[in-house]
Amino acid sequence: MTVSTSRKTFDPYAIIRARDLIKLLARSVPFEQAVRILQDDMACDIIKIGSLVRNRERFVKRRQRLIGPKGSTLKALELLTSCYVMVQGNTVSALGPYNGLKEVRKVVLDTMKNVHPIYNIKTLMIKRELSKDPELRMQSWERFLPNFKHKNLSKRKEPKKKTVKREYTPFPPPQPESQMDKELATGEFFLRESQKRRKKLEEIKVKQAEALTKKQEERNKAFIPPKEKPAVKTKRAPTETKIDIEAIKDKVKKAKNKKLGAPPVNRAAETASASVKKKTKRS
């Protein structure tokens, strides 16, 4: 496909715009949006993202992150930059004003570098609100913009046993002693073969005796009774109580009188009559 001017062409830059129009149409941009490139205040940018990430699975995940769930992230980016953005294959096509295209390119490249687009969208929203205030136009906006620190979550697991490196010395390590040197140091080298055998047998017998004593101790542990806790005697409350027999008799008499319907008894009269009877008996 070729682009050429005609005799009716009055704008020499129209041939460049026509070339961009063909590029956008080749990247599956709708014709209604691609025709806007012929306007004076419009420009286009085709960002190649295929070579930014080597791993294919990682590339697909980051590209999907740029689009967002149901295209919500891409829609928010379009509203903030007033650009039309189209993600297709290994390229991102953007169409809009120059300042908006700068922001779109920055967001796309950061997303491919594993920076979530929501951080850049947040900064764009803050900038949009700050631009409305005429007093802050000549001031620095760094104090208002958020600073997001990159956190590497995949830390390398440290080994359980850490080996401490020795200090470097130019001298070689000391030569280990041979078996002959050890025998010469202990004096076994000068012994006869029969004496060496006897010594080895004695050492074996000592080891066997130690092993037998250990086994015997382990067997005897089963026959040792466990320590019992001392029995604590519980103090019982005293159950013996003095019974007032006279009070019980009075209660029984009152109950009988109530049942029979007799008049109430005068205690003073009873005591007087009892004392008179005692005097007559004595006399």
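The set of residues from region 167-196 being surrounded by 10 or more Cβ atoms within 10 Å (Cβ to Cβ) and small (G, A, S) comprises just one member, A185. It is to be established whether one or more residues within region 74-91 are closer than 22 Å to A43 by Cβ, modelled with pLDDT of 90 or more and among the acidic types (D, E). Yes: region 74-91 contains one or more residues that are closer than 22 Å to A43 by Cβ, modelled with pLDDT of 90 or more and among the acidic types (D, E). Residues of region 1-32 that are closer than 12 Å to C44 by Cα and among the polar types (S, T, N, Q): none at all. Annotation: D20 fulfils all but one of (1) free of Cβ contacts under 8 Å to residues at least 40 places away in the same chain; (2) surrounded by fewer than 16 Cβ atoms within 10 Å (Cβ to Cβ); (3) not hydrophobic (A, V, I, L, M, F, W, C); the unmet one is (2).
Taking region 103-154 as the search range and keeping residues that are in contact with a Pro (Cβ under 8 Å, 6 or more places away or on another chain) and among the charged types (D, E, K, R), which one is farthest from R62 (Cα to Cα)?
To start, the set of residues in region 103-154 that are in contact with a Pro (Cβ under 8 Å, 6 or more places away or on another chain) comprises 107, 110-111, 119, 122-123, 126.
Still in the running and among the charged types (D, E, K, R): 110, 122.
Working: D110: 10, K122: 18 Å.
Going through the qualifying residues, I end up with K122.
Restricting the first member to region 32-45 and to residues that are in a loop (DSSP other than H, G, I, E, B), and the second to residues that are open to solvent by 50 Å² or more (accessible area, probe 1.4 Å), the beta-carbon pairs closer than 8 Å and six or more apart or on different chains are M42/R36. Scanning region 104-134 for residues that are over 31 Å from the mean Cα position of the chain (by Cα) and free of Cβ contacts under 8 Å to residues at least 24 places away in the same chain gives K106, I126, K127, E129, L130, S131, K132, D133, P134.
For region 46-63, which positions are surrounded by fewer than 18 Cβ atoms within 10 Å (Cβ to Cβ) and not in a helix (DSSP H, G or I)?
Within region 46-63, I46, K48, G50, S51, L52, V53, R54, N55 meet the criteria.
Within region 84-120, restricting attention to residues that are open to solvent by 30 Å² or more (accessible area, probe 1.4 Å) and in contact with a Ser or Thr (Cβ under 6 Å, 6 or more places away or on another chain), the residue that is farthest from G71 (Cα to Cα) is E103.
The values are calculated or read from the model by the stated rules, or taken from the named source; none is laboratory data. Given the structure is predicted, the values throughout are model-derived calculations rather than measurements. In this analysis, Cβ positions are derived from the backbone assuming ideal geometry, glycine residues included, and neighbour counts consider all displayed protein chains. Note: areas computed on protein heavy atoms with side chains; ligands, DNA, RNA excluded. Shrake-Rupley method; radii C 1.70, N 1.55, O 1.52, S 1.80 Å.
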